[in-house]
Structures are given as C-alpha cells and as structure tokens.
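The values are calculated or read from the model by the stated rules, or taken from the named source; none is laboratory data. This one's a predicted model, so the numbers in the text were calculated from it and none came from an experiment. Here the Cβ is made from the backbone with ideal geometry for all residues, glycine too, and neighbour counts use every protein chain on show. Note: areas computed on protein heavy atoms with side chains; ligands, DNA, RNA excluded. Shrake-Rupley method; radii C 1.70, N 1.55, O 1.52, S 1.80 Å.
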Amino acid sequence: MQHGIITPDRDADAALAAGADYLEPTVVGNLLVQHEDGTWHADPALRRREPAPSFAVLCPADHHLSDPAFPLEQTHAYLRVAFAAIAEAAAPGAFVVLGSGAARRIPEGVSRADARRQFARSVSIAREIAAVNDLEVILEPLHRGETDQINSLAEAVEFLEEFGMGDIRVVADLFHIMLEHESLDVVRELAGRVAHAHIADSGRIPPGQGDWPLAEFLRALRDGGYRGRVSIECTWADLATEAGPALAALRAADPVTASVHA
C-alpha cells in the first residue's frame, strides 16, 4: 500500500528522500503558472519526474466554478490547458482532485440552487476533459471554513447522484471530516465511493504530531473496502525533517501496513 505527500516541485526531492512512495503534485502555481495577461500555461521549467498517480489544487480562486455569469467557455479553456499539463506528468488513469474551495464558493447574489447547478456543469466539464486525457477527476468535500457547498462525504455523494454523475468518485480527507464532525461510520459506509484519501493530524499538522484518530479513520476506510493510496496533506514547519516521522506514523496507523511495520 502506498503512502505519499502532496507537494509542489520545490519540496519534491525532500519528500522522496524522506521515503514517500509517490508525490501528489499541485497544479495551480506548480504544473501551471500564470502569465501577466492572466492566462495559465504549463511551467516549462518544471523538472521531469516519475509519473504521478494523483494531483491536487486544480483551479485558481478566481475561476468561478459556481457562478452562472462566469462563461463555461472559460472553464473549458482553463481545464483543457490544466489537464493537458497534468497528463504530461501523470501515470495512466491518475486522479485529479477537484477541491478548489475558493473557486466553488457561491457568489454574492446567486441562489444556492443556481450555484449548485452551475457547479455541476463545471464538474461535468472536468470529467469529460479529464477522460480525454486518460485521467479521472474526483470530487473533494471541503469544510465550511474553505467553501460553502459540498462540505461532507455524504453531501458529495448526494450532489453527484442528484446531477447524474454517480460515476464520479470522491476524496476522503481527515482534515475536512474532523472539522465537519462527520462520523467515521459514514466514512466506512461510503468507502466504496472513495477513490483517494488525504490525511493530516490535528489542525493540519504532520501525522504523528497531534491527537486526531488517524488509525480509526484509516480502519474505517479499509473496513469499508478502500484499498487505495493515502497522501499526507499538511502544514510543514520543516518538511525535510518532519516528513520521515510523518510517513512512519501514517504507516503505523494504516491497518494495511501496520502489521508489516510492527
């Protein structure tokens, strides 16, 4: 079972040296850079690495995925550039996490129902363009401090079913689950819809430094049938020194690998 780290390229060497099984590159400001005219392009200076199995931070904050006044043509244009850049760095079938909380907030003056419909259109566009590039877009619930819709696993699944996108899978992220007080029983129940997992310790510090239920979260996922990767997404004080112990704590907490490392 693989355990990785979400990181921009500047910290990639340190993450690999610490023992990460894979890297989960960020897209905005890493794979893609913004030019002075506001357009986004693949970063030509990015170093070539092993193809990545997953990617995070898909859309910039000013790309308004839930605003009916924001032209869908711009969504198409941005995502075509983004997924083409991701495909160059991706393993076949890699996951692209659609979190992007600021981008999906409901704009002032827009009803929740209209924003929800527009976000569904944006997610559908992302699914289509991802598939053309042999990628799979997956939806991440985010806590209410980051966005005002799709805040829990249960809500993500309900949203996808409501708009006929039941084939899209979701991300289980302990940070958001804890801040939304979502039961680990729900995690276990919906684990079959989970494509990917993120983890951090209390307050988003590195695993092993806090008091969040890492092992209980991972056991709920595994008991529910999830057998995929787990990426650390946290705030590092010093990734080079903290990543090794964080990976060790994650592996010790994961029932799939804990017995091997005991």
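Which value in Å is the Kirkwood Rh of the chain over different Cα pairs?
On the way: mean 1/r = 0.0538 Å⁻¹.
Its Kirkwood hydrodynamic radius stands at 18.6 Å.
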If a helix is a whole DSSP H run, which ones in the chain reach 15 Å or further along their own axis (Cα) and hold a mean Kyte-Doolittle hydropathy of at least 0.0?
72-89, 239-253
Determine the gain in length on full extension of the stretch ARG227-ASP134; use 0.36 nm per residue of separation and subtract their C-alpha separation, reporting nm with one decimal.
31.4 nm
Paired Rg and Dmax values of the range 14-136, which use every Cα atom, in angstrom:
15.1, 49
Among the GluC sites (Glu not before Pro) in the range 150-247, which ones are in a DSSP loop with at most 11 other Cβ atoms within 10 Å of the Cβ? Mind listing them?
none
Most mobile of PHE175, PHE119, PHE70 in a GNM of the chain (Cα contacts under 10 Å):
PHE70
Heavy-atom SASA rank of GLU73, GLU146 (probe 1.4 Å, accessible area, largest first)
GLU73, GLU146
DSSP bridge pairs, the chain: antiparallel proportion in percent, nearest 5:
15
For ARG10 and THR241, extending 7 Å from Cα along the Cα-Cβ vector and measuring point to point gives, in nm, a value of 1.9
What longest range of the chain stays clear of loop-exposed trypsin sites (Lys or Arg not before Pro) (DSSP non-H/G/I/E/B, at most 12 other C-beta within 10 angstrom)?
49-226
Starting from the Cα-Cα distance between SER124 and GLU161, subtract it from 0.36 nm times their residue separation and give me the gain in nm to one decimal.
12.1 nm
Residue-averaged [θ]222 nm for the chain, counting only DSSP H segments that reach four residues, each worth -39500 (n - 2.57):
-11500 deg cm²/dmol
Report the calculated FRET efficiency for SER183 and ALA102 (r = Cβ-Cβ distance, R0 = 45 Å), to the nearest 0.05.
0.95
Multiply the residue gap between ALA77 and ALA113 by 0.36 nm, knock off their C-alpha separation, and tell me the result in nm, one decimal place.
10.5 nm
